[in-house]
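These notes are about the structure you will find just below.
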Amino acid sequence: MDVFYQQLINGLSLGGIYALIALGYTMVYGIIELINFAHGDVYTLGTFFSLAILTGLGVSGEVHGLALVGVVLVTMLAAMLLCGITGVLIERLAYRRLRNAPRLAPLITAIGMSFILENVMQLWKGPSPISFPAVIPNPSFQAGGVEIAAKQILVIVLAIVMMVALQLFIRNTKMGKAMRATAQDRDAAQLMGININTTIAMTFLIGSALAGAAGFVSGVYYGTTWFFNGFEAGLKAFTAAVLGGIGNVAGAMLGGFLIGLVEAFATQYIPQGAQWTNVVVFSVLVLVLVFRPSGLLGEAVPEKV
Amino acid sequence: MNPAVRRSLRFVPLLLLPLVPLVDHNNSHIDFLANAGAFILLALGLNIVVGFAGLLDLGYAAFFAIGSYSYAMLASQQFGIHVPFWVMLFAASGIAAIFGILLGAPTLRLRGDYLAIVTLGFGEIVPQTFLNLSQYTNGPNGINSLDSPSLFGHRFGFSATPYFYVMLGLIVIGVLLASNLQNSRLGRAWMAIREDELAARHMGINTTAAKLSAFALGASFSGLAGVAYAAKLDLVSPDQFQFNVSVLVLSMLVLGGMGNIPGVIVGSFALSFINSFLLPQSTNLVHSIGLTWIDFTDYRFMLYGVILVAMMLFRPEGLIPSRQRRAELREALTDPGISAQEQTEYQGAAR
């Protein structure tokens with residue numbers, strides 16, 4: 001049973017990262033019905049930015065006490081800001097012009113953006129995996145036979161905090177209201193005096209910033225990254241967003257944790273599971289899209305004619 | 001001159017293609033042409049799915065993998081089975097077509113972008129499965145020493161020339177097939193679905209059958225390409241069929257012009273040429289003048305990305321478009337939710 005609980009913890013912390021990425025997918029899809037294929041690469045870019053910032057700060061190992069709080073906050077917020085700006089730029093340059101084009105056109109553009117970002121990162125840090133400094137001291141706790149690492153708690157808590165903050169933002173602020181209105185009916189929102197360009201840019205800013213946070217956390221969590229990281233992670237996070245019900249913030253969270261759990265348990269309980277986790281996760285994606293495209297928490301929306 | 005004659009005169013240069021190996025004795029050139037031929041076949045096949053029927057398939061490399069692995073498993077020492085190359089061409093295109101239907105069937109109800117993601121998932125699952133089933137496929141090492149095809153007792157061996165002619169023959173068959181399909185009842189059904197699926201269904205088109213046949217026919221092309229390519233390369237391994245292959249073929253379509261057969265061929269050839277000649281050669285050139293830190297081949301994926309983005313933004317119909325597709329895409333581009341014309345009308349009314 002200890003193995004089960006151990007994998008539960010592992011799955012939840014994995015899932016925390018997927019959930020943070022999935023929030024960006026779900027927000028963007030909710031508002032402009034675009035699968036922002038480049039989102040996974042913005043997440044990897046978050047790790048790369050964090051790495052550059054840490055190098056700039058001269059941090060290459062564990063930091064303690066107040067300095068730790070400072071370093072973590074500065075790095076994460078800067079990475080979030082840089083990723084947010086990247087996201088806004090991508091929207092402005094590549095997607096805005098195609099907002100009314102047939103749906104597949106912006107999707108193809110997004111795939112193109114994804115390739116461009118990957119190539120940029122490859123040119124930046126080379127094609128091999130790069131290591132990420134272990135900034136955070138990582139004591140682990142024993143609970144029964146289960147070992148819980150501090151950074152696992154960090155990931156889970158951070159993901160939940162971010163989701164709650166996002167949920168409050170969308171529910172209670174004027175911009176959040178504008179986002180919901182734009183998602184519901186862009187033309188009507190515009191007629192009500194909402195600046196939809198700003199609103200959509202804001203959606204990209206927040207979604208990409210969350211990916212930036214996920215990028216930082218994943219650097220700390222895995223201690224390594226490479227330019228192609230975002231493809232697989234992005235696809236899994238998209239799976240999470242769809243599983244939870246795309247467009248639904250709480251759903252993205254739920255989906256993220258579920259995909260993390262699926263991955264952890266598949267690794268443990270399927271013979272040679274580590275080889276098959278991707279096949280299992282992508283099969284979940286295919287099955288959900290085919291049999292319940294509205295996801296667990298989403299409502300079935302009839303296609304607009 | 002009679003326009004029909006003039007039109008057919010344009011194809012005269014193509015008749016010279018079979019002479020290329022007789023004139024050009026550089027094996028690497030012929031090798032390049034044969035490889036480019038495989039990608040033209042892939043592009044022709046994907047064009048049926050994406051260009052004609054408008055179903056965005058992001059996992060097309062999976063069918064290429066299935067074709068290649070069929071040949072590798074059924075015509076090598078791997079299991080001691082030696083099905084002749086010519087039989088395998090047909091068999092593998094059939095196998096790929098069956099997988100096309102298997103993938104297509106559950107996705108029939110899906111909207112365009114969800115369909116794209118499902119095919120992408122499928123495209124990830126297939127090579128991963130070939131990688132993991134290492135007791136049958138040798139995992140990451142792949143299967144090598146495939147049977148060399150032979151014709152009238154003449155074995156192909158390692159020369160690229162026979163493969164060049166095989167590719168050329170397959171492309172000719174492929175073009176004839178695709179252009180006849182395009183003008184057939186089925187082809188018109190695909191285009192109707194591409195333009196408006198709901199309307200197509202209401203006009204009495206059996207969208208299920210039409211979409212499934214698009215998947216099956218498209219996949220069968222990559223089955224052919226897979227067999228010929230595997231035999232030529234003498235090796236099949238899972239890393240030949242990653243996502244970037246699917247995107248490469250898609251870029252060929254987007255560059256040349258989705259839905260237009262000459263466009264697709266030109267786009268495909270142009271990208272192969274850039275990849276295999278232009279980038280390495282220009283790298284050699286700048287290296288020879290001392291700029292050794294520049295390697296243009298590192299920018300390959302950037303190139304695909306830029307092609308996809310720039311074409312979609314500025315010329316979505318491709319360089320050599322089909323007239324119909326251009327009309328569709330242009331109309332959509334210049335028709336925002338509230339069009340410019342409507343806006344001026346509103347402004348006029350307000351005044």
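The values are calculated or read from the model by the stated rules, or taken from the named source; none is laboratory data. What you see is a predicted model; the values in this text were computed from it and never measured. Because the Cβ atoms are built from the backbone with ideal geometry, glycine has one as well, and the counts that use them run over all protein chains shown.
Just give me the residues in segment B:271-299 being without any contact (Cβ under 8 Å) to a residue 40 or more places away in the chain and within 30 Å of B:Ala214 (Cα to Cα), in sequence order. Even if it seems obvious, please write down each step before you answer.
Applying the first criterion (without any contact (Cβ under 8 Å) to a residue 40 or more places away in the chain) to segment B:271-299 yields B:274-275, B:278-299.
Result: B:Ile274, B:Asn275.
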*Mind telling me which of the residues A:Ala52, A:Ala79 ends up being buried (at least 20 other Cβ atoms within 10 Å of the Cβ), more than 30 Å from A:Leu296 (Cα to Cα) and more than 12 Å from the chain's Cα centre (by Cα)?*
A:Ala79
*Only one residue in A:Val262, A:Val281 is touching a residue at least 24 places away in the same chain (Cβ under 8 Å) and more than 11 Å from every other protein chain (Cβ to nearest Cβ). Which one?*
A:Val262
_Condition check for B:Phe273: crowded, with 24+ Cβ neighbours inside 10 Å and either modelled with pLDDT of 90 or more or over 13 Å from the mean Cα position of the chain (by Cα) (or both)_ = no
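Going through A:Ile156, A:Ile170, A:Ile111, A:Ile160 one at a time, which residue ends up being within 11 Å of chain B (Cβ to nearest Cβ) and in a helix (DSSP H, G or I)?
So the residue among A:Ile156, A:Ile170, A:Ile111, A:Ile160 that is within 11 Å of chain B (Cβ to nearest Cβ) and in a helix (DSSP H, G or I) is A:Ile111.
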*Residue check, A:Gly11 against (1) surrounded by fewer than 19 Cβ atoms within 10 Å (Cβ to Cβ); (2) in a helix (DSSP H, G or I); (3) not aliphatic (A, V, I, L, M), all met but one. Which one?*
(1)
_Answer residue from segment B:103-119, given it is crowded, with 24+ Cβ neighbours inside 10 Å and facing chain A (nearest Cβ under 7 Å) and is nearest to the chain's Cα centre (by Cα) among those_ = B:Ala116
*Has segment B:167-185 got any residue that is closer than 22 Å to B:Val247 by Cβ, of a type in the set (Gly, Ala, Ser) and more than 14 Å from chain A (Cβ to nearest Cβ)?*
yes
*Go through segment B:71-96 residue by residue and tally those that are buried (at least 24 other Cβ atoms within 10 Å of the Cβ) and at pLDDT 90 or above.*
3
*Take segment A:234-246 and flag every residue that is buried (at least 24 other Cβ atoms within 10 Å of the Cβ) and not aromatic (Phe, Trp, Tyr).*
A:Gly234, A:Lys236, A:Ala237, A:Thr239, A:Ala240, A:Ala241, A:Val242, A:Leu243, A:Gly244, A:Gly245, A:Ile246
*Working only within segment A:182-197, note down all residues that are surrounded by fewer than 13 Cβ atoms within 10 Å (Cβ to Cβ) and part of a helix (DSSP H, G or I).*
A:Gln184, A:Asp187, A:Ala188, A:Leu191
_I'm told A:Gln268 meets every condition in (1) within 12 Å of chain B (Cβ to nearest Cβ); (2) within 25 Å of A:Ile156 (Cβ to Cβ) except one. Can you identify the failing condition by its number?_
(1)
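Answer yes or no as to whether B:Asn47 is buried (at least 24 other Cβ atoms within 10 Å of the Cβ), within 26 Å of B:Ser179 (Cβ to Cβ) and away from chain A (no Cβ under 14 Å). So that I can check it myself, show each step before the final result.
On the way: buried (at least 24 other Cβ atoms within 10 Å of the Cβ): yes; within 26 Å of B:Ser179 (Cβ to Cβ): yes; away from chain A (no Cβ under 14 Å): yes.
The answer is yes for B:Asn47.
Going residue by residue through segment A:84-97, is there one that turns out to be in contact (Cβ under 8 Å) with a residue 12 or more places away in the chain and under 24 Å from A:Ile156 (Cβ atoms)?
Let us first name the residues in segment A:84-97 that are in contact (Cβ under 8 Å) with a residue 12 or more places away in the chain, namely A:84-88, A:90-92, A:94-96.
Keeping just the survivors that are under 24 Å from A:Ile156 (Cβ atoms) gives A:84.
There is at least one residue in segment A:84-97 that is in contact (Cβ under 8 Å) with a residue 12 or more places away in the chain and under 24 Å from A:Ile156 (Cβ atoms).
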